1. Among the GluC sites (Glu not before Pro) in segment 181-265, which ones are in a DSSP loop with at most 14 other Cβ atoms within 10 Å of the Cβ? Mind listing them?
2. At a probe radius of 1.4 Å, what is the per-residue accessible area of Ile71, in Å² to the nearest 10?
3. Would you mind working out the accessible area per residue for segment 86-216, using a 1.4 Å probe, and quoting it in Å²?
4. If you wrap a convex hull around the alpha carbons of segment 17-161, what volume per residue comes out, as a whole number of Å³?
5. In Å and on Cα atoms, what radius of gyration and Dmax does segment 105-227 show?
6. Using a Förster distance of 25 Å, how high is the FRET efficiency between Phe120 and Ser69, based on the Cβ-Cβ distance and rounded to 0.05?
7. What percent does the relative contact order of segment 1-79 come to when contacts are Cα pairs within less than 8 Å and at least six residues apart?
8. Where does the charge balance sit around Ile89 when Lys and Arg score +1, Asp and Glu -1, over other residues with C-beta under 13 Å from its C-beta?
Amino acid sequence: MIDFIKIDENSRKPKYKQIVDTIIHNISIGNLKVDDKIPSINSFSEEFYLSRDTVEKAYSVLKERKIISSIRGKGYYITRTKLISKINILFLINKLSSYKMRIYNSFVDSIGGNSHTDLFIYHCDESLFLNLMDKSLGAYDYYVVMPHFKTDELRHISFTDKIIQSINQIPKDKLIIMDNNNNAISKTSGAIEIYQDFENDIYEALVEGLDKIRNYKKIFLIYPNKTVYPYPRRILHGFRKFCVNYEMNFEIIDEVYEDIILKEGDLFVTIEESDLVNLIKQIRESDLELGKTIGIISYNETPLKELLGITVISTDFKKMGERAAHMILNKEKGKIKNPFNFIERNSL
(Lines give C-alpha, C1' and ligand atoms only; values in the text may rest on other atoms or scores of the structure.)
Protein backbone atom coordinates (compact mmCIF):
# COMPACT_ATOMS: atom_id res chain seq x y z
CA MET A 1 0.00 0.00 0.00
CA ILE A 2 2.95 2.31 0.70
CA ASP A 3 3.82 2.17 -3.02
CA PHE A 4 0.57 3.93 -3.88
CA ILE A 5 1.14 6.90 -1.59
CA LYS A 6 2.52 10.10 -3.11
CA ILE A 7 3.67 13.01 -0.95
CA ASP A 8 4.97 16.09 -2.77
CA GLU A 9 7.56 17.91 -0.66
CA ASN A 10 7.32 21.00 -2.88
CA SER A 11 3.55 21.30 -2.77
CA ARG A 12 1.90 24.12 -0.83
CA LYS A 13 -0.89 21.73 0.11
CA PRO A 14 -0.58 20.65 3.79
CA LYS A 15 0.96 17.21 4.19
CA TYR A 16 -2.00 15.82 6.14
CA LYS A 17 -4.29 16.93 3.32
CA GLN A 18 -2.04 15.17 0.81
CA ILE A 19 -2.33 11.96 2.83
CA VAL A 20 -6.13 12.24 2.89
CA ASP A 21 -6.33 12.97 -0.83
CA THR A 22 -3.96 10.22 -1.92
CA ILE A 23 -5.80 7.57 0.10
CA ILE A 24 -9.15 8.73 -1.31
CA HIS A 25 -7.70 8.74 -4.82
CA ASN A 26 -6.42 5.19 -4.47
CA ILE A 27 -9.80 4.06 -3.20
CA SER A 28 -11.54 5.72 -6.14
CA ILE A 29 -9.33 3.96 -8.72
CA GLY A 30 -9.58 0.58 -7.00
CA ASN A 31 -6.09 0.27 -5.50
CA LEU A 32 -7.61 0.15 -2.01
CA LYS A 33 -10.71 -1.82 -1.11
CA VAL A 34 -12.90 -2.34 1.95
CA ASP A 35 -11.03 -4.21 4.74
CA ASP A 36 -7.61 -3.44 3.26
CA LYS A 37 -5.13 -2.63 6.00
CA ILE A 38 -3.20 0.64 5.84
CA PRO A 39 0.08 1.46 7.64
CA SER A 40 0.11 2.42 11.29
CA ILE A 41 0.69 6.06 12.19
CA ASN A 42 4.28 5.32 13.24
CA SER A 43 5.04 3.33 10.08
CA PHE A 44 3.60 6.02 7.86
CA SER A 45 5.52 8.82 9.58
CA GLU A 46 8.80 6.87 9.40
CA GLU A 47 8.38 5.90 5.74
CA PHE A 48 7.75 9.46 4.54
CA TYR A 49 9.74 11.35 7.16
CA LEU A 50 6.62 13.07 8.45
CA SER A 51 5.79 14.06 12.00
CA ARG A 52 3.52 11.69 13.86
CA ASP A 53 1.07 14.59 14.47
CA THR A 54 0.71 15.15 10.70
CA VAL A 55 -0.20 11.52 10.03
CA GLU A 56 -2.46 11.39 13.08
CA LYS A 57 -4.37 14.46 11.84
CA ALA A 58 -4.85 12.88 8.40
CA TYR A 59 -6.07 9.61 9.93
CA SER A 60 -8.39 11.59 12.21
CA VAL A 61 -9.95 13.29 9.17
CA LEU A 62 -10.37 9.93 7.43
CA LYS A 63 -11.96 8.44 10.56
CA GLU A 64 -14.33 11.43 10.91
CA ARG A 65 -15.48 10.79 7.35
CA LYS A 66 -15.78 7.07 8.11
CA ILE A 67 -13.33 6.18 5.33
CA ILE A 68 -11.08 4.28 7.72
CA SER A 69 -11.56 2.73 11.14
CA SER A 70 -9.18 1.47 13.80
CA ILE A 71 -9.30 -1.85 15.60
CA ARG A 72 -7.45 -1.93 18.90
CA GLY A 73 -4.30 -4.02 18.64
CA LYS A 74 -4.73 -4.66 14.91
CA GLY A 75 -4.41 -1.31 13.14
CA TYR A 76 -6.28 0.78 10.58
CA TYR A 77 -8.56 -0.52 7.82
CA ILE A 78 -10.51 0.87 4.86
CA THR A 79 -14.22 0.86 5.76
CA ARG A 80 -15.84 2.83 2.95
CA THR A 81 -15.34 3.00 -0.80
CA LYS A 82 -18.67 4.46 -1.92
CA LEU A 83 -19.12 8.19 -2.51
CA ILE A 84 -15.39 8.90 -2.27
CA SER A 85 -15.17 10.32 -5.79
CA LYS A 86 -18.20 12.52 -5.25
CA ILE A 87 -18.39 16.10 -3.99
CA ASN A 88 -17.96 16.02 -0.21
CA ILE A 89 -19.78 18.70 1.78
CA LEU A 90 -19.72 19.60 5.46
CA PHE A 91 -23.03 21.11 6.61
CA LEU A 92 -22.83 22.89 10.00
CA ILE A 93 -26.05 24.03 11.67
CA ASN A 94 -26.53 25.60 15.07
CA LYS A 95 -29.53 23.56 16.25
CA LEU A 96 -31.62 20.55 15.27
CA SER A 97 -34.92 22.30 14.55
CA SER A 98 -37.58 21.54 11.95
CA TYR A 99 -36.66 24.80 10.18
CA LYS A 100 -32.97 23.99 9.89
CA MET A 101 -33.73 20.44 8.78
CA ARG A 102 -35.98 21.74 6.01
CA ILE A 103 -33.06 23.78 4.70
CA TYR A 104 -30.75 20.78 4.98
CA ASN A 105 -33.19 18.35 3.33
CA SER A 106 -33.90 20.80 0.53
CA PHE A 107 -30.17 21.25 0.00
CA VAL A 108 -29.45 17.51 -0.08
CA ASP A 109 -32.38 16.84 -2.45
CA SER A 110 -31.23 19.61 -4.79
CA ILE A 111 -27.48 18.91 -4.80
CA GLY A 112 -28.18 15.55 -6.40
CA GLY A 113 -26.60 12.12 -6.29
CA ASN A 114 -23.09 13.25 -7.15
CA SER A 115 -22.35 14.40 -3.62
CA HIS A 116 -22.06 13.30 -0.02
CA THR A 117 -23.08 15.68 2.78
CA ASP A 118 -22.06 15.26 6.42
CA LEU A 119 -24.34 17.04 8.89
CA PHE A 120 -23.04 18.34 12.24
CA ILE A 121 -24.90 20.34 14.91
CA TYR A 122 -22.81 22.64 17.11
CA HIS A 123 -25.63 23.84 19.40
CA CYS A 124 -24.69 27.56 19.17
CA ASP A 125 -21.52 26.67 21.09
CA GLU A 126 -18.31 28.41 20.03
CA SER A 127 -15.94 25.75 21.40
CA LEU A 128 -17.78 22.88 19.73
CA PHE A 129 -17.88 24.78 16.44
CA LEU A 130 -14.15 25.57 16.53
CA ASN A 131 -13.35 21.93 17.35
CA LEU A 132 -15.44 20.69 14.42
CA MET A 133 -13.79 23.20 12.09
CA ASP A 134 -10.30 22.24 13.21
CA LYS A 135 -10.96 18.56 12.58
CA SER A 136 -12.59 19.07 9.19
CA LEU A 137 -10.42 21.81 7.66
CA GLY A 138 -9.12 20.61 4.33
CA ALA A 139 -11.23 17.45 4.35
CA TYR A 140 -14.21 18.70 2.33
CA ASP A 141 -14.89 20.25 -1.06
CA TYR A 142 -17.48 22.69 0.37
CA TYR A 143 -18.37 24.01 3.82
CA VAL A 144 -21.93 25.17 4.50
CA VAL A 145 -22.14 27.21 7.71
CA MET A 146 -25.19 28.67 9.50
CA PRO A 147 -23.58 31.05 12.00
CA HIS A 148 -25.64 31.50 15.16
CA PHE A 149 -23.88 31.52 18.54
CA LYS A 150 -24.66 32.40 22.14
CA THR A 151 -22.90 34.38 24.84
CA ASP A 152 -22.53 33.25 28.45
CA GLU A 153 -25.63 35.36 29.17
CA LEU A 154 -27.58 33.36 26.52
CA ARG A 155 -27.72 36.28 24.11
CA HIS A 156 -27.51 35.72 20.36
CA ILE A 157 -24.29 36.58 18.56
CA SER A 158 -23.40 36.03 14.91
CA PHE A 159 -19.63 35.70 15.21
CA THR A 160 -16.70 36.08 17.57
CA ASP A 161 -13.15 36.92 16.54
CA LYS A 162 -12.13 33.27 16.92
CA ILE A 163 -15.02 32.11 14.74
CA ILE A 164 -14.15 34.63 12.03
CA GLN A 165 -10.51 33.49 12.10
CA SER A 166 -11.61 29.87 11.81
CA ILE A 167 -14.02 30.48 8.93
CA ASN A 168 -11.46 32.62 7.11
CA GLN A 169 -9.20 29.56 6.86
CA ILE A 170 -11.69 28.05 4.42
CA PRO A 171 -10.97 29.04 0.80
CA LYS A 172 -13.75 31.42 -0.20
CA ASP A 173 -14.63 29.39 -3.30
CA LYS A 174 -15.49 26.50 -0.93
CA LEU A 175 -17.50 28.52 1.62
CA ILE A 176 -21.28 28.90 1.78
CA ILE A 177 -22.69 31.14 4.53
CA MET A 178 -26.41 30.55 5.03
CA ASP A 179 -29.23 32.03 7.06
CA ASN A 180 -27.32 34.73 8.95
CA ASN A 181 -25.71 37.79 7.39
CA ASN A 182 -22.45 39.28 8.68
CA ASN A 183 -20.17 41.86 7.10
CA ALA A 184 -17.03 40.41 8.68
CA ILE A 185 -17.25 37.53 6.21
CA SER A 186 -18.79 39.55 3.38
CA LYS A 187 -15.72 41.76 3.13
CA THR A 188 -13.90 38.89 1.48
CA SER A 189 -15.40 38.22 -1.93
CA GLY A 190 -15.75 34.78 -3.46
CA ALA A 191 -18.03 33.05 -0.95
CA ILE A 192 -21.66 32.13 -1.48
CA GLU A 193 -24.04 33.88 0.93
CA ILE A 194 -27.79 33.26 1.17
CA TYR A 195 -29.19 35.08 4.16
CA GLN A 196 -32.12 36.40 6.13
CA ASP A 197 -32.24 40.09 6.99
CA PHE A 198 -33.90 39.57 10.36
CA GLU A 199 -34.62 43.22 11.17
CA ASN A 200 -35.97 44.32 7.80
CA ASP A 201 -37.69 41.00 7.07
CA ILE A 202 -40.03 41.20 10.07
CA TYR A 203 -40.55 44.93 9.52
CA GLU A 204 -41.55 44.55 5.87
CA ALA A 205 -43.71 41.47 6.53
CA LEU A 206 -45.68 43.32 9.22
CA VAL A 207 -46.10 46.28 6.89
CA GLU A 208 -47.57 43.88 4.33
CA GLY A 209 -50.17 42.82 6.90
CA LEU A 210 -50.77 46.36 8.18
CA ASP A 211 -54.41 46.62 7.09
CA LYS A 212 -55.37 43.61 9.21
CA ILE A 213 -52.99 44.47 12.06
CA ARG A 214 -54.60 47.90 12.48
CA ASN A 215 -57.83 46.17 13.53
CA TYR A 216 -56.18 45.25 16.85
CA LYS A 217 -55.79 47.49 19.86
CA LYS A 218 -52.42 46.20 21.06
CA ILE A 219 -49.69 44.03 19.54
CA PHE A 220 -47.42 41.79 21.63
CA LEU A 221 -44.12 40.23 20.60
CA ILE A 222 -43.26 37.10 22.59
CA TYR A 223 -39.47 37.27 22.43
CA PRO A 224 -37.59 34.79 24.69
CA ASN A 225 -34.84 36.66 26.52
CA LYS A 226 -32.93 33.63 27.70
CA THR A 227 -33.12 30.33 25.89
CA VAL A 228 -30.72 27.53 25.02
CA TYR A 229 -30.83 28.61 21.39
CA PRO A 230 -31.20 32.41 21.43
CA TYR A 231 -32.84 34.34 18.59
CA PRO A 232 -31.28 37.31 16.77
CA ARG A 233 -32.09 40.58 18.50
CA ARG A 234 -32.58 42.11 15.07
CA ILE A 235 -36.03 40.48 15.12
CA LEU A 236 -36.76 42.59 18.20
CA HIS A 237 -35.41 45.75 16.57
CA GLY A 238 -37.49 45.26 13.43
CA PHE A 239 -40.67 44.69 15.41
CA ARG A 240 -40.09 47.77 17.55
CA LYS A 241 -39.35 49.90 14.48
CA PHE A 242 -42.61 48.80 12.85
CA CYS A 243 -44.69 49.61 15.93
CA VAL A 244 -43.08 53.04 16.40
CA ASN A 245 -43.30 54.03 12.73
CA TYR A 246 -46.98 53.03 12.48
CA GLU A 247 -47.92 54.25 15.97
CA MET A 248 -49.01 50.86 17.22
CA ASN A 249 -49.63 50.23 20.90
CA PHE A 250 -47.18 47.41 21.66
CA GLU A 251 -45.50 45.40 24.38
CA ILE A 252 -42.63 42.92 24.38
CA ILE A 253 -42.81 39.99 26.81
CA ASP A 254 -40.53 36.98 27.15
CA GLU A 255 -43.08 34.16 27.29
CA VAL A 256 -46.77 33.26 27.25
CA TYR A 257 -47.49 32.86 30.93
CA GLU A 258 -49.78 30.09 32.15
CA ASP A 259 -52.24 32.67 33.46
CA ILE A 260 -51.63 35.42 30.90
CA ILE A 261 -54.35 38.09 30.77
CA LEU A 262 -56.03 38.03 27.37
CA LYS A 263 -58.20 40.88 26.15
CA GLU A 264 -60.34 41.52 23.12
CA GLY A 265 -58.27 43.34 20.50
CA ASP A 266 -54.94 41.71 21.41
CA LEU A 267 -52.61 40.51 18.65
CA PHE A 268 -49.68 38.23 19.51
CA VAL A 269 -46.54 37.59 17.46
CA THR A 270 -44.98 34.33 18.68
CA ILE A 271 -41.54 32.91 17.93
CA GLU A 272 -41.23 29.68 19.92
CA GLU A 273 -43.53 26.74 19.26
CA SER A 274 -44.21 26.24 22.98
CA ASP A 275 -45.52 29.80 23.29
CA LEU A 276 -47.78 29.33 20.27
CA VAL A 277 -49.24 26.11 21.68
CA ASN A 278 -49.75 27.64 25.13
CA LEU A 279 -51.40 30.72 23.66
CA ILE A 280 -53.82 28.76 21.46
CA LYS A 281 -54.76 26.57 24.41
CA GLN A 282 -55.58 29.56 26.61
CA ILE A 283 -57.52 31.31 23.84
CA ARG A 284 -59.65 28.20 23.39
CA GLU A 285 -60.38 28.18 27.12
CA SER A 286 -61.46 31.84 27.04
CA ASP A 287 -64.48 33.58 25.51
CA LEU A 288 -62.31 35.06 22.77
CA GLU A 289 -62.40 33.89 19.14
CA LEU A 290 -59.12 33.45 17.31
CA GLY A 291 -58.96 35.47 14.11
CA LYS A 292 -61.79 37.78 15.18
CA THR A 293 -61.57 39.15 18.72
CA ILE A 294 -57.94 38.09 19.20
CA GLY A 295 -55.16 37.37 16.71
CA ILE A 296 -51.92 35.43 16.25
CA ILE A 297 -49.01 35.80 13.86
CA SER A 298 -46.31 33.14 14.20
CA TYR A 299 -42.65 33.38 13.17
CA ASN A 300 -41.42 30.60 10.82
CA GLU A 301 -43.70 28.45 8.71
CA THR A 302 -44.41 24.79 9.49
CA PRO A 303 -46.92 22.31 8.01
CA LEU A 304 -48.74 22.23 11.36
CA LYS A 305 -49.28 26.00 11.34
CA GLU A 306 -50.68 25.72 7.84
CA LEU A 307 -53.02 22.96 8.99
CA LEU A 308 -54.18 25.02 12.00
CA GLY A 309 -54.72 28.13 9.90
CA ILE A 310 -52.07 30.23 11.69
CA THR A 311 -50.87 33.37 9.94
CA VAL A 312 -47.09 33.31 9.60
CA ILE A 313 -44.17 35.52 8.69
CA SER A 314 -41.36 33.32 7.46
CA THR A 315 -38.32 32.91 5.28
CA ASP A 316 -38.62 30.32 2.52
CA PHE A 317 -36.54 27.50 4.01
CA LYS A 318 -36.93 25.23 0.99
CA LYS A 319 -35.79 28.00 -1.35
CA MET A 320 -32.70 28.66 0.78
CA GLY A 321 -31.49 25.08 0.50
CA GLU A 322 -32.32 24.85 -3.19
CA ARG A 323 -30.52 28.10 -3.99
CA ALA A 324 -27.33 27.08 -2.17
CA ALA A 325 -27.22 23.75 -4.01
CA HIS A 326 -27.89 25.48 -7.34
CA MET A 327 -25.04 27.94 -6.82
CA ILE A 328 -22.59 25.16 -5.91
CA LEU A 329 -23.54 23.06 -8.93
CA ASN A 330 -23.30 26.04 -11.29
CA LYS A 331 -20.16 27.43 -9.63
CA GLU A 332 -21.90 30.74 -8.95
CA LYS A 333 -20.76 33.26 -6.34
CA GLY A 334 -22.47 36.17 -4.66
CA LYS A 335 -24.66 37.36 -1.84
CA ILE A 336 -28.41 36.76 -2.08
CA LYS A 337 -31.21 37.68 0.31
CA ASN A 338 -33.62 34.80 0.77
CA PRO A 339 -37.36 35.47 0.21
CA PHE A 340 -39.34 36.30 3.36
CA ASN A 341 -43.12 36.03 3.19
CA PHE A 342 -46.25 37.19 4.97
CA ILE A 343 -48.75 34.31 4.71
CA GLU A 344 -52.22 35.34 5.86
CA ARG A 345 -54.55 32.73 7.32
CA ASN A 346 -57.53 32.54 9.67
CA SER A 347 -55.72 33.55 12.87
CA LEU A 348 -55.56 37.19 11.75
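1. Answer by residue number: Glu247, Glu258, Glu264.
2. Here the residue's solvent-accessible area equals roughly 80 Å².
3. On a per-residue basis, segment 86-216 sits at 41 Å².
4. Dividing the Cα hull volume of segment 17-161 by its residue count gives 138 Å³.
5. Cα radius of gyration and Dmax of segment 105-227 are 17.9, 56 Å respectively.
6. That gives a FRET efficiency of 0.85.
7. Relative contact order here is 31 percent.
8. Charge balance in the 13 Å sphere: +1.
The values are calculated or read from the model by the stated rules, or taken from the named source; none is laboratory data. Quantities reported herein were computed from a predicted structural model and do not represent experimental measurements. Because the Cβ atoms are built from the backbone with ideal geometry, glycine has one as well, and the counts that use them run over all protein chains shown. To get the accessible areas, we keep the full protein, side chains included, count just its heavy atoms, and leave off ligands, DNA and RNA. Shrake-Rupley method; radii C 1.70, N 1.55, O 1.52, S 1.80 Å.
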